[in-house]
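Asks: After the C-alpha cells below, expect a handful of questions from me.
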Amino acid sequence: MIVVTGATGNIGAALVRQLNASGVPLRALTRDANRAQVPSGVEVIEGDPQHTETLKRSLDGADRIFLIPQAVGGTAPVLETARHLGVRHVVLVSSLLAQTHPESFIGRSARKNEQEAQDSGLAWTLLRPWEFASNTLAWAPTIRGEGTVRVPFSGLPSPAVHPSDIAAVAARALSEEGHHTQTYPLTGPQSLTPREKTQAIATAVGRELRFDEYHSPQELRRIADEAPDHTAQGLMVPGVCALESPGALSTVQTVTGSPARTFQQWVHDNSEAFN
Ligand SMILES: NC(=O)c1ccc[n+]([C@@H]2O[C@H](COP(=O)([O-])OP(=O)(O)OC[C@H]3O[C@@H](n4cnc5c(N)ncnc54)[C@H](OP(=O)(O)O)[C@@H]3O)[C@@H](O)[C@H]2O)c1
C-alpha cells in the first residue's frame, strides 16, 4: 500500500492517476475530499496531516509513502509516525536548489528535509525537481484578462519540469526495486526564457500575448539588495527564474524510459487555464 500526500496537488494528482492506472493499491491524503478528483477505486483519507490521528489512519498498513513536506507541515514527525507503523520506504519531494544553491533559503530548507528523510530509519529516494512548468499558472489571470504576461524582470532561461514527469519518476521509485538511496535531479528537456514560455502559451491559445517587464535592472538590484534573504537570493517569482539553472538533465528519460515532457506539452495539457 502506497500513501500519497499532497494528492490534490500538481505532482500528487498526476501520481495518483499513474499509480492507479498500473493497478497499485494506494491511499490519497487530503484536507478536503471534495476537492480530490481521484479515480474511482482509490481510497481517500480526509484530514489534517498535522494531526497524529489523520497520519495514523493514512499510514496504517502502508509500506511506502510519497511525501511532500509542505503538504504535511514538515518531514520528521510524519516519518517518525511512519516508521512506528511499519512504513519501509519514503520518496521525498525536495528541490534541485538543495544541490545548485544550497545556501539559498529554499536550498537550505530542502536539504534539511532531505536529511530528515535520510535519518528517518526508512529507505529513501530523493526527488530534486527544478522549477515546475505549472508555476506559469500564476500568469493565467492577466493572460485571460489583458492578454499580457506582467513580470518584474525577464529572468533567465530555465528547463521547467512538467509535474507529470516528477510523478512518473516517483511512480517508478515507489513501485520498482533499485531506487533506494538514490537522488534524482529533475528538469524539463529544454531551457526557455519567460519570453519564450509566453510565446509557447500564445501559440497554444491562438492569440498574441504581450510580455511586460516592469522593472529596470537598476530598480531590481535595489529591490534585491533590500529584500530578505530568500528573496534576495532567489527573486522567486512564479514562472520567472532568477537563478542560473543546471541546464536540461536526462534523469526523467533514464528513470522512466520516456523523454521528459516539453513546456509546450505542459501548455497543451493545461491550455484551458489560459483561455
Ligand atoms: N513549484 C516549484 O517550482 C518547485 C520546485 C522545486 C520543488 N518544489 C517542491 O514541490 C512541492 C510542491 O509540490 P506540488 O506543486 O505538487 O504541491 P502543491 O500542488 O502546491 O500542493 C500539494 C498539496 O498540498 C496541500 N497544501 C497546499 N498548500 C498547503 C498549505 N499552505 N498548508 C497545508 N497544505 C497545503 C494541498 O492539499 P490538500 O488541500 O488536498 O490537503 C495541495 O494539493 C513543495 O515541496 C516544493 O518545495 C516546487
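Asks: How far is helix 194-205 tilted off the main Cα axis of the chain, in degrees rounded to 10, range 0 to 90?
Replies: Once rounded, one gets 80 degrees.
Asks: Shifting gears a bit: Rounded to the nearest 5, what % of DSSP beta bridges with both residues in region 47-163 are antiparallel?
Replies: 0 percent
Asks: Test of understanding: ordering Phe132, Phe66 by Cβ neighbours within 10 Å, fewest first, what list do you get?
Replies: In order of increasing Cβ crowding within 10 Å: Phe132, Phe66.
Asks: Take the Cβ-Cβ distance between Ala76 and Glu208 as r, set R0 to 35 Å, and report the resulting FRET efficiency rounded to the nearest 0.05.
Replies: My answer for the efficiency is 0.10.
Asks: Taking H placed 1.01 Å from N in the peptide plane, check which residues at least 5 places from Gln182 or on another chain put their amide H under 5 Å from its amide H.
Replies: Result for Gln182 returns Leu126.
Asks: Next question, about the same structure. What shape does the chain have by the C-alpha gyration tensor, where a ≥ b ≥ c are the square roots of the eigenvalues, rounded means a/c under 1.5, and otherwise prolate means a/b greater than b/c and oblate the rest?
Replies: Details: a/c = 1.87, a/b = 1.53, b/c = 1.22.
Because a/c hits 1.5 or more and a/b exceeds b/c, the chain counts as prolate.
Asks: Within region 86-178, which GluC sites (Glu not before Pro) sit in a loop by DSSP and count at most 15 neighbouring Cβ atoms inside 10 Å?
Replies: Loop-located and lightly packed - Glu103, Glu176, Glu177.
Asks: Here's another thing I want to ask about it. Mind checking the full-extension length gain between Ile223 and Gln118? Use 0.36 nm per residue of separation minus the Cα-Cα distance, one decimal, nm.
Replies: Answer, rounded to one decimal: 34.1 nm.
Asks: Just to confirm my numbers, what's the Cα centroid distance between region 37-89 and region 174-225 in Å?
Replies: That distance is 31 Å.
Asks: Within a 10 angstrom radius of the beta carbon, how do Thr262, Thr181, Thr187 rank from fewest other beta carbons to most? Don't jump to the answer; show the numbers that get you there.
Replies: On the way: Thr262 17, Thr181 9, Thr187 25.
Ordered from fewest to most neighbouring Cβ atoms within 10 Å, Thr262, Thr181, Thr187 come out as Thr181, Thr262, Thr187.
Asks: Express in nm, to one decimal, how much length is gained between Arg17 and Asn275 on full extension, taking 0.36 nm for each residue of separation and deducting their alpha carbon distance. Show your work: numbers first, answer last.
Replies: On the way: separation 258, 0.36 × 258 = 92.88 nm, distance 2.48 nm.
That works out to 90.4 nm of additional length.
Asks: Mean separation of Cα pairs under 8 Å and 6+ residues apart, divided by the residue count of the chain: what relative contact order is that in percent?
Replies: Over the chain, the number comes to 18 percent.
Asks: Applying 1/(1 + (r/R0)^6) with R0 = 30 Å to the Cβ-Cβ distance of Ala138 and Arg88, what FRET efficiency is obtained, to the nearest 0.05? Working shown, then result.
Replies: Details: r = 37 Å, r/R0 = 1.25.
Calculated value: 0.20.
Asks: Follow-up question, since we're still on this one. Counting DSSP beta bridges with both partners in the chain, what percentage is antiparallel, nearest 5?
Replies: If I count the DSSP bridges inside the chain, around 5 percent turn out antiparallel.
Asks: A further question on this structure: Run the numbers for Leu156 and Asp60: contour at 0.36 nm per residue of separation, minus the present Cα-Cα distance, in nm.
Replies: Here the answer is 30.1 nm.
Read-outs: derived from the displayed coordinates by stated rules, not from any lab. For clarity, every value in this text was computed on a predicted model and none was experimentally measured. Cβ: placed from backbone, ideal geometry, glycine included. Neighbour counts: every protein chain shown.
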